[in-house]
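Below is one structure, written out as structure tokens; comments come after it.
The values are calculated or read from the model by the stated rules, or taken from the named source; none is laboratory data. All figures in this text were calculated on a predicted structure; none of them were measured in a lab. Cβ placement follows ideal geometry from the backbone for every residue including glycine, while neighbour counts extend to all protein chains displayed. Just the protein is used for accessible areas: all its heavy atoms, side chains included, with ligands, DNA and RNA removed. Shrake-Rupley method; radii C 1.70, N 1.55, O 1.52, S 1.80 Å.
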Amino acid sequence: MNNTVVISGAGLWTPENTITNEELVEAYNQYSEQYNRENAEDIASGDKIAKPLSSADFIAKASGIKSRFAYRKEGILDIDRMRPKLEERPIDTLSHQAEMAVNAAKIALNEAKKSASDIDAVIISCAYTQRSYPAIAIEVQNELGIQGFGFDMLVACSAATFALQRAYEMVSAGTAKSVLVINPELTSPQVNYCDRDSHFIFGDVSTATVVERAETANADHIYEILNTKAVTSYSNNIRSDFGYTSRVDDSDPFADDKLFHQEGRKVFKEVCPMAAEHIASQLASIDIAIEGVKRWWLHQANINMNQLITKKLLGRTPSPEEAPIVLDRYANTASAGSLIAFNLHHKDLTSGDIGLICSFGAGYSIGSLVIKKH
Ligand code: CO8
């Protein structure tokens, strides 16, 4: 039996609302100036630290981010709120994250020329899920009318690649015939819009991918999964500590450490060499030369990181066609970044072309798949 496993459909759902650096910085700076005025005495006595001002130019230069999408814009730019306003939905209504997931899933199913009856497993994989149970995947499975099973998994920035690897293994082993992997990245609720160093980093988006056997695939664009590789290495440099015990550990469940926070410089320095080494050893293990990779769909956290990693690998700066960047419009979308790049930049490849999907981030975690166009 032919055991070849393929990616046969990809979907990208983008929220309608955009927030530019300028809009975000204006709100943050107004908030900070108000904070500094209101806390002038404590700041003067050293009891509190003044909030530094942010700059749209700094953000674009340091990260490559110019704008981001928000599932809900209301509240984010309100200096008396500084967080999105998400209405609570009744339990008989599709949850926000399931809605994002379904939107991307329908596009991926259409691209794969599949219907619900062709799929028998759903994985929701992302940086946060809206609740613990019932799994968002089971809600999505129900909404789409899929038989079989679904489960949620969390691996921060590597959630998408790690889930694709699990899908590959399930299809390969025969425990599922076709798997829908969905990444509804609703990051904005965990962004600290009052923190100058991180208020600009994230955006919301949803991506979806169909993984199945080559023999059942009939899409226009089919990619054989040649190899998968994952590694994790514990680090406290990127953390988000809100969890189900926040209610009982007698700390402030809304304190800064409960939101996304990081040592950005350390992450940059430590993750870039890890990612370059990971990719080089993966390609070497399957006898593919670095220059044999036609397209690099890399994680989208910081443009300078991507340039450093690809330069380490190629010995030169890749062209935008070779290593597409979507950060300028989408910002960092946690695990979805490499798949946004894939969604927007794969249809021009021709039969035999090789590409690499790779994520890197919190954990630390790195996940990658080498694929070949049929
Ligand atoms: N405006 C103006 N100035 C600023 C700003 C700002 N917004 N921010 C910092 N500065 C200042 C600093 O204070 C500093 O000033 P000084 O030199 O006087 O001390 C100067 O600019 C330089 O600051 P940094 O050294 O911090 O700036 P960097 O050049 O390192 O850029 C970055 C900061 C962009 C954050 C960069 O370090 C970076 O991108 N690092 C990589 C981080 C990364 O990839 N992290 C991964 C996070 S994502 C992930 O893993 C998934 C998590 C799950 C999703 C969570 C969703 C909420």
**Q.** Residues (part of a strand (DSSP E or B) and away from the ligand (no atom under 16 Å from the Cβ)) located in segment 215-239
**A.** Y223, E224, I225, L226, N227, T228, K229
Q: Take segment 318-330 and flag every residue that is part of a loop (DSSP other than H, G, I, E, B) and open to solvent by 50 Å² or more (accessible area, probe 1.4 Å).
A: P320, E321, I325
Q: Could you tell me which numbered condition L369 fails, if it satisfies all but one of (1) open to solvent by less than 10 Å² (accessible area, probe 1.4 Å); (2) within 23 Å of D197 (Cα to Cα)?
A: (2)
**Q.** Among (1) in contact (Cβ under 8 Å) with a residue 24 or more places away in the chain; (2) within 16 Å of the ligand (Cβ to nearest atom); (3) open to solvent by 80 Å² or more (accessible area, probe 1.4 Å) - the single one P84 does not satisfy
**A.** (3)
Q. Would you pick out the residues in segment 199-214 that are in a strand (DSSP E or B), near the ligand (Cβ under 7 Å from one of its atoms) and out of contact with any Asp or Glu (no Cβ under 9 Å at 6 or more places or on another chain)?
A. none
Q: Only one of these is among the β-branched types (V, I, T) and out of contact with any Leu (no Cβ under 8 Å at 6 or more places or on another chain): I366, I371. Name it.
A: I366
(Q) If the requirement is being open to solvent by 60 Å² or more (accessible area, probe 1.4 Å), more than 15 Å from the ligand (Cβ to nearest atom) and in contact (Cβ under 8 Å) with a residue 12 or more places away in the chain, which of these qualifies: K266, K312? (A) K312
(Q) List pairs: first residue in segment 100-115 and in contact (Cβ under 8 Å) with a residue 60 or more places away in the chain, second residue assigned to a helix (DSSP H, G or I) and surrounded by fewer than 23 Cβ atoms within 10 Å (Cβ to Cβ) anywhere in the structure, Cβ distance under 7 angstrom, at least six positions apart or on different chains. (A) A105/L144
Q) Scanning segment 96-132 for residues that are farther than 20 Å from V171 by Cβ and among the basic types (K, R), which turns out least open to solvent (accessible area, probe 1.4 Å)? A) R131
Q. Could you count how many residues in segment 243-289 are part of a helix (DSSP H, G or I) and more than 19 Å from V231 (Cβ to Cβ)?
A. 5
**Q.** Pairs with Cβ under 7 Å, 6+ apart, first in segment 37-60 and more than 24 Å from N304 (Cα to Cα) and small (G, A, S), second open to solvent by less than 50 Å² (accessible area, probe 1.4 Å) and more than 8 Å from the ligand (Cβ to nearest atom)
**A.** A50/N36; A50/I43
Q) So, in segment 28-49, of the ones that are over 29 Å from G337 (Cβ atoms) and open to solvent by less than 50 Å² (accessible area, probe 1.4 Å), which residue ends up farthest from the ligand (Cβ to nearest atom)? A) N39
(Q) Tell me the residue from K106, K66 that is over 30 Å from E212 (Cα atoms), modelled with pLDDT of 95 or more and within 23 Å of the chain's Cα centre (by Cα), please. (A) K66
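For every residue, the table says whether it meets (1) in contact (Cβ under 8 Å) with a residue 24 or more places away in the chain; (2) of a type outside the set (D, E, K, R); (3) under 23 Å from I124 (Cβ atoms).
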| site | (1), (2), (3) |
| --- | --- |
| A208 | yes, yes, yes |
| E215 | yes, no, no |
| H221 | yes, yes, no |
| E224 | yes, no, no |
| A230 | yes, yes, yes |
| R239 | yes, no, yes |
| F242 | yes, yes, yes |
| S246 | no, yes, yes |
| F254 | no, yes, no |
Q. Are there any strands (runs of 3 or more DSSP E) wholly within segment 1-106 with 2 or more residues that are touching an Asp or Glu at 6+ places or on another chain (Cβ under 6 Å), and if so which?
A. 5-13, 67-70
Q: Would you check which residues across segment 198-229 are in contact with a Ser or Thr (Cβ under 9 Å, 6 or more places away or on another chain), open to solvent by 50 Å² or more (accessible area, probe 1.4 Å) and closer than 27 Å to C272 by Cα and list them?
A: K229
Q: Could you give me the residue pairs with C-beta distances under 6 Å whose first residue belongs to segment 175-202 and is within 14 Å of F149 (Cα to Cα), whose second residue is more than 9 Å from the ligand (Cβ to nearest atom) and open to solvent by 20 Å² or more (accessible area, probe 1.4 Å) wherever it lies, and which are 6+ apart or on separate chains?
A: A176/D120; A176/M170; K177/D120; S178/D118; V179/M170
Q. Which of the residues belonging to segment 313-338 are closer than 19 Å to K229 by Cα and of a type outside the set (A, V, I, L, M, F, W, C)?
A. S335, G337, S338
Q. What are the residues in segment 331-347 that are open to solvent by 10 Å² or more (accessible area, probe 1.4 Å) and either on the phi > 0 side of the Ramachandran plot or in a helix (DSSP H, G or I) (or both), if any?
A. N343, L344
